[in-house]
Amino acid sequence: MTGPKLAPLHTIPPDLCTLDDYADRAQAHMDPAVWRHVQEGAGREITLRRNREVFDSIGLLPRGLADVSGSTRIELLGRTHAAPIMLAPLAYQRLAHSDGELAVVRAATAMDTGMVLSTLSSVTLEDVAAAAQALTAQGEQAGPSLWFQLYQQPQRENTLALVRRAEAAGYEAIVLTIDAGLKPAGISLPDGVAAANLAGMPRPRHTATPGGRILMGTSLTNGVPGWPDLAWLRAATTLPIIVKGLLLGEDAARAVDEGVDALIVSNHGGRVLDGVPSAMEVLPAIAEATGNRIPLLLDGGVRSGTDVIKALALGARAVLIGRPQMHALAVAGMPGVAHMLHILRTELEAAMVQLGCPQPGMIGPERLISF
Ligand code: FNR
């Protein structure tokens, strides 16, 4: 792509009909460095590619002549959700649009869709919650679930301060991301974009001292959470805790034993350890190991209503959407994100009807065939 970055659109052009259409458009609306940062995966991007390949290698087997009256609604952690779709935590959404997380939470509220706000949000968690409340105060609905995604901080008092702020602002759950204690240094942030929640807190370093130890035995590994940190968090809050990023059945079973309320099966969009399988591939083993004791959510590569169906069929209660948020934000801000969610919901409903499974709970592995 060459030429100047296009401004966000104010109206949605009629040729934007799928999430892939948004992805195709988005590059022209982003700085090249931001586009690369959003799209990239770790290493040789084997895992990033696999996240899509696995969805495409699964086919669907419809039941004909079925009664198709139903709804996309699901129950999750004591709340009804309009559909089994949520917004994944994404750092620094103001990279894609000046309204950043405020645009996303307004779209989430308009579409009654749960949102997970990143620790590395470029708008404070209080301002995001206030924006949702301002919109719901005007309507009659309860508003969407807001969950807070927690990155463990180098000092425990700062981790605790984030949890207390999330509780005070009305977030309904804490999502502890455990797979990114060490990740490649990110994009250098332009002026006006910062980790708003972490103002005044020391930040983890991302590079080793030249000539010193490379990694092990340096403070670079301090941010990697362990089981004692999870136990500490469990004792520190009464909010539901959702762990994001476990990929092994035995770890998932232990997390349940430690009092975790749900899991997000995820490889962080293929951005951390290249070579791990897609969440879809490990979901059945995690479902087996946790034996229906807690809900399982999944993310990585979900781009259409039929992808949502495939994840539900393998045992997910709901899915989360990552990069398409940034694409839709860059193209058209809040209306773009709301439209992106609308597309996904419409595709999901159509696919449920066509499949003869008009309730999420009716979608099981017998509806799948491998290609
Ligand atoms: C992420 N992800 C992420 N996860 C998290 O727990 N905290 C975070 O701050 C971020 N930040 C972030 C930034 C960007 C630009 C991307 C693309 C991803 C991971 C995210 O929550 C989710 O797991 C993946 O994005 C899901 O994959 P898809 O939908 O992008 O394929």
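Worth pointing out:
- Estimated from helices alone, the mean residue ellipticity of the chain at 222 nm is -12000 deg cm²/dmol (sum of -39500 (n - 2.57) over DSSP H runs with n ≥ 4, per residue).
- Just checking the listed ones, Ile187, Ile46, Ile174: in the Gaussian network model of the chain with Cα springs under 10 Å, the one fluctuating most is Ile187.
- Proximal lysines relative to Lys244, as straight alpha-carbon distance under 30 Å, when same-chain residues fewer than 8 apart are discounted: Lys183, Lys310
- Annotation: amide H-H contacts under 5 Å for Leu87 (H modelled 1.01 Å from N, sequence separation of 5 or more, or interchain): Gly114, Met115, Val116, Ile321.
- Gap separating the Cα centres of the range 354-371 and the range 94-127, nearest whole Å: 32
- Estimated at 0.36 nm per residue, the fully extended path between Glu250 and Asn292 surpasses their Cα-Cα distance by 13.7 nm.
- Taking every DSSP beta bridge that has both ends in the chain, the antiparallel portion is near 20%.
- Each listed q (0.21, 0.26 Å⁻¹) maps to a log10 I(q)/I(0) for the range 283-324 from the Debye sum over equal C-alpha point scatterers, namely -0.62, -0.86.
- Scalar couplings 3J(HN,Hα) for the range 84-93, obtained by applying the Karplus form with A = 6.51, B = -1.76, C = 1.60 to θ = phi - 60°, are x, 9, 10, 9, 6, x, 10, 5, 6, 6 Hz; x denotes Gly and Pro.
- Rg/Rg_globular for the range 1-88, with Rg_globular taken as 2.2 N^0.38 Å and Rg from C-alpha atoms: 1.54
- Scattering curve values for the range 37-125, log₁₀ I(q)/I(0), Debye with Cα scatterers, q = 0.13, 0.14, 0.18, 0.22 Å⁻¹: -0.71, -0.80, -1.04, -1.12
- Extension reserve of the Trp227-Leu189 stretch, reckoned as 0.36 nm per residue once the Cα distance is removed: 10.5 nm
- The region of the chain that goes longest without hitting one of the GluC sites (Glu not before Pro) in a DSSP loop, each with at most 15 other Cβ atoms within 10 Å, is 141-257.
- Taking a ≥ b ≥ c as the square roots of the eigenvalues of the Cα gyration tensor, an a/c ratio of 1.5 or more together with a/b larger than b/c marks the range 107-243 as prolate.
- Each 20 Å bin from zero holds the following percent of Cα-Cα pairs in the chain: 29, 62, 9, 0.
- For Gly143, the amide hydrogen comes within under 5 Å of no other amide hydrogen, counting only partners 5 or more places away or on other chains and with H modelled in the peptide plane.
- Leu368-Ala161 FRET efficiency (beta carbon distance; Förster radius 41 Å; 0.05 resolution): 0.35
- Based on C-alpha pairs under 8 angstrom that are at least 6 apart in sequence, the chain has a relative contact order of 28 percent.
- Tensor-based shape of the range 246-371 (alpha-carbon gyration tensor, a/c under 1.5 rounded, otherwise prolate or oblate): oblate
- Net length gained if the chain between Arg63 and Ile46 were fully extended (0.36 nm per residue, minus Cα distance): 2.6 nm
- Among Ile58, Ile286, Ile85, residue whose mean-square fluctuation peaks in a GNM of the chain (springs only between Cα atoms under 10 Å): Ile58
- Taking one quarter of the surface of the convex hull spanned by the alpha-carbon atoms of the range 97-138 gives a direction-averaged projected area of 2.8 nm².
- Amide H contacts under 5 Å for Ile58: Phe371, restricted to partners 5 or more places along the chain or on a different chain, H placed in the peptide plane at 1.01 Å from N.
Quick note: the coordinates plus some simple rules give every number you see, no bench work behind them. Values in this document were obtained by computation on a predicted structure and should not be read as measured data. A quick note on method: Cβ atoms are made from the backbone with ideal geometry, for glycine too, and the neighbour counts reach across all protein chains shown.
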